[in-house]
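The values are calculated or read from the model by the stated rules, or taken from the named source; none is laboratory data. Everything numeric here is computed off the predicted structure, so don't read it as measured data. Glycine also receives a Cβ, built like all others from the backbone with ideal geometry; neighbour counts cover every protein chain displayed. SASA here: full protein model, heavy atoms, side chains in, ligands and nucleic acids out. Shrake-Rupley method; radii C 1.70, N 1.55, O 1.52, S 1.80 Å.
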Amino acid sequence: MAFDTVAERSNELPSFIWDEALIRRYDLSGPRYTSYPTAVEFSAEFGPEAMAEAARRSRATGGPLSLYTHLPFCAHLCYYCACNKVITKKRDKAMPYVERLLREAALQARLFGADRPVQQLHWGGGTPTFLPREAMRHLMAGYAELFKLDSSETRDYSVEIDPREVADDTLATLWELGFNRISLGVQDVNPAVQKAVNRVQPRAMTEAVLDEARRLGFRSINLDLIYGLPYQTPESFAETLEAVIEMSPDRLSVFSYAHLPDRFYPQTRIQADTLPSPQQKLTILHNTINRLLDAGYEYIGMDHFAKPDDSLAAAQREGRLHRNFQGYTTHSDCDLVSLGVSAIGQTDEAYFQNNHDLAAWEAAIDEGRLATIRGVALTRDDRIRRWVIGQLICQFRLDRKQFAARWQEDFDRYFSDELRRLAPMIQDDLVADRGQVLQVQPAGRLLIRAICQIFDLYRKEGASQRFSRII
């Protein structure tokens, strides 16, 4: 739904205000809301049968699909990484995994419907470019036989790229296979930081990949950065940021490193005393946002920035931005088919996740079974709250009339308790209640996760699951 007037658009407000007192008051732990309910609510009681039923209901409703593939292999271990991955130099592991992906895809195509257009496709990992060229071609050819792959200009076919794993023909192969958007992992261009996290990647290597991608025609090119890594300082990260701004990506993701060595073993290689202090991290974030805004980027929210002419920024201005397990997306009406170890899929009524264990996933596929091990069926209340949280975290606004038309409920009556608990945030000017519209204010954008938690029934009931800090 587009906004009624230009003045109503959230981006017409000053896009960002830094208030350190408010940040300290509200900087608690909280979900990133790539889903609602969040993954901690997934249950083992939701298994393959429930997933199959959710897929069949999705097929009955029709509509386009998003196809996610998790490719777990990495040739190098980055010490900060918390992803599901398999570290190996053996490229011959790729083709057996691809063959199993195609068997899993055949199972799911029958359930979801092979005639539905795949408007969005994403390869994540791991390192998707670990795959040899013949494995990439075989996988996409198989998908083309099983699904109705979109070839229109509006498709969003993206892949995560490690510049260290790009051969001379990698990008050309991906372009030939239909990919039109890429995301490059950079993290930091400082050599000392790169060495400390075991990701040595010279700036020239990143620039060469970026230049070749542009020459081929890739659009909406994203660069990933991480702040809070060992030996980073506000001054060193500012230098990294200047280098990145010179590269001029269309989008930027600037993530906060969460040091949790007790949960993620690779992080035990990082010494806590080499990390920037909490105050230094705040300074880095503050400086980064200011500098990117000065450079002409728009603050999309939740660590993401985009140039004003990028499709992500346009979708937010027009009120049609969406969020799922891959982050912000412009394809809000796609049910998500998930393939590969640990991959998470979704329909309008359910979320479901494959086994995290590679051997267990392989065994399920070899036996012709779905590899789903947990998930959640959404209640009507879950769906209502997901919509509300999605409006706030994507559009920074919520329209009461739009809510009433969508759900046939009175917003103030349905969320009377939540509005009472939102009152301090309104008083602190994180949110403005303008009658018809709840508008996230410039000081609230950085704290959007805290605002969304007000509408999270599972957090209200005191769930003690650990999440990363909001800032």
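Looking only at the stretch 251-267, decide whether some residue is of a type outside the set (Ser, Thr, Tyr), surrounded by fewer than 18 Cβ atoms within 10 Å (Cβ to Cβ) and at pLDDT 95 or above. Scanning the stretch 251-267 turns up no residue that is of a type outside the set (Ser, Thr, Tyr), surrounded by fewer than 18 Cβ atoms within 10 Å (Cβ to Cβ) and at pLDDT 95 or above. If you go through the stretch 357-374 one residue at a time, do you hit one that is under 29 Å from Gly301 (Cα atoms) and either modelled with pLDDT of 95 or more or not hydroxyl-bearing (Ser, Thr, Tyr) (or both)? Checked the stretch 357-374: no residue is under 29 Å from Gly301 (Cα atoms) and either modelled with pLDDT of 95 or more or not hydroxyl-bearing (Ser, Thr, Tyr) (or both).
The rows are residues; the columns are (1) in contact with an Asp or Glu (Cβ under 8 Å, 6 or more places away or on another chain); (2) open to solvent by less than 20 Å² (accessible area, probe 1.4 Å).
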position: Arg400; (1), (2): yes, no
position: Arg449; (1), (2): no, yes
position: Phe455; (1), (2): yes, yes
position: Phe467; (1), (2): no, no
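Does Ala443 satisfy the condition of being modelled with pLDDT under 95, in a helix (DSSP H, G or I) and either open to solvent by 30 Å² or more (accessible area, probe 1.4 Å) or in contact with an Asp or Glu (Cβ under 9 Å, 6 or more places away or on another chain) (or both)? Yes: the conditions hold for Ala443.
Is the stretch 395-402 home to any residue that is of a type in the set (A, V, I, L, M, F, W, C), on the phi > 0 side of the Ramachandran plot and touching a residue at least 40 places away in the same chain (Cβ under 8 Å)? For the stretch 395-402, residues of a type in the set (A, V, I, L, M, F, W, C), on the phi > 0 side of the Ramachandran plot and touching a residue at least 40 places away in the same chain (Cβ under 8 Å): present. If the requirement is being of a type outside the set (Gly, Ala, Ser) and in contact with a helix residue (DSSP H, G or I) (Cβ under 8 Å, 6 or more places away or on another chain), which of these qualifies: Gln194, Gln232? Going through Gln194, Gln232 in turn, the sole match is Gln232. Among the criteria (1) open to solvent by 10 Å² or more (accessible area, probe 1.4 Å); (2) part of a helix (DSSP H, G or I), the one Ala432 does not fulfil is (2).
Restricting attention to the stretch 259-272, the residues that are farther than 17 Å from Lys85 by Cβ and in contact (Cβ under 8 Å) with a residue 40 or more places away in the chain total 1.
Each row is one residue, and each column tells you yes or no for (1) of a type in the set (Lys, Arg); (2) open to solvent by less than 20 Å² (accessible area, probe 1.4 Å); (3) under 30 Å from Ala371 (Cβ atoms).
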| site | (1), (2), (3) |
| --- | --- |
| Arg269 | yes, no, no |
| Pro276 | no, yes, no |
| Ile284 | no, yes, no |
| Gly319 | no, yes, no |
| Gln326 | no, no, yes |
| Asp333 | no, no, yes |
| Ser338 | no, yes, yes |
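Gly301 fulfils the conditions (1) out of contact with any strand residue (DSSP E or B) (no Cβ under 9 Å at 6 or more places or on another chain); (2) surrounded by 21 or more Cβ atoms within 10 Å (Cβ to Cβ); (3) not hydroxyl-bearing (Ser, Thr, Tyr) except for a single criterion, (1). Within the stretch 353-395, the residues that satisfy the criterion of being among the hydrophobic types (A, V, I, L, M, F, W, C), open to solvent by less than 30 Å² (accessible area, probe 1.4 Å) and within 20 Å of Gly126 (Cβ to Cβ) are Trp361, Ala364, Ile365, Ala371.
This table checks each residue for (1) closer than 25 Å to Thr347 by Cβ; (2) part of a strand (DSSP E or B).
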site: Ala105; (1), (2): yes, no
site: Ala109; (1), (2): yes, no
site: Ala114; (1), (2): yes, no
site: Val118; (1), (2): yes, yes
site: Leu121; (1), (2): yes, yes
site: Glu134; (1), (2): no, no
site: Tyr143; (1), (2): yes, no
site: Thr154; (1), (2): yes, no
site: Tyr157; (1), (2): yes, yes
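Within the stretch 184-225, which residues are in a loop (DSSP other than H, G, I, E, B) and closer than 14 Å to Met247 by Cβ? Asp188, Val189, Gln201, Pro202, Phe218 - these are the residues of the stretch 184-225 that are in a loop (DSSP other than H, G, I, E, B) and closer than 14 Å to Met247 by Cβ. For the stretch 216-228, a residue qualifies if it is surrounded by fewer than 17 Cβ atoms within 10 Å (Cβ to Cβ) and among the hydroxyl-bearing types (Ser, Thr, Tyr), but none of them does. In the stretch 81-108, the qualifying residues are those that are of a type in the set (A, V, I, L, M) and open to solvent by 10 Å² or more (accessible area, probe 1.4 Å), and the one that is nearest to His322 (Cα to Cα) is Ala82.
Pairing each residue of the stretch 421-447 that is more than 15 Å from Met302 (Cα to Cα) and touching a residue at least 60 places away in the same chain (Cβ under 8 Å) with any residue that is part of a strand (DSSP E or B) and open to solvent by 10 Å² or more (accessible area, probe 1.4 Å), provided the two are 6+ apart or on different chains, yields C-beta distances under 7 Å for Val437/Arg397; Gln439/Arg397; Gln439/Ala432.
Yes or no: Cys78 surrounded by fewer than 20 Cβ atoms within 10 Å (Cβ to Cβ) and within 22 Å of the chain's Cα centre (by Cα)? Spelling it out, it is not the case that Cys78 is surrounded by fewer than 20 Cβ atoms within 10 Å (Cβ to Cβ) and within 22 Å of the chain's Cα centre (by Cα). State whether the residues of the stretch 229-247 include one that is surrounded by fewer than 21 Cβ atoms within 10 Å (Cβ to Cβ) and in a strand (DSSP E or B). No, that holds for no residue. When the residues of the stretch 58-75 are filtered to those that are surrounded by fewer than 24 Cβ atoms within 10 Å (Cβ to Cβ) and among the aliphatic types (A, V, I, L, M), the one that is nearest to Ser338 (Cα to Cα) is Ala60. Filtered by the rule that a residue be in contact (Cβ under 8 Å) with a residue 24 or more places away in the chain and closer than 21 Å to Tyr80 by Cα, the stretch 167-196 gives Ser183, Leu184, Gly185, Val186, Gln187, Asp188, Val189, Asn190, Ala192, Val193, Ala196.
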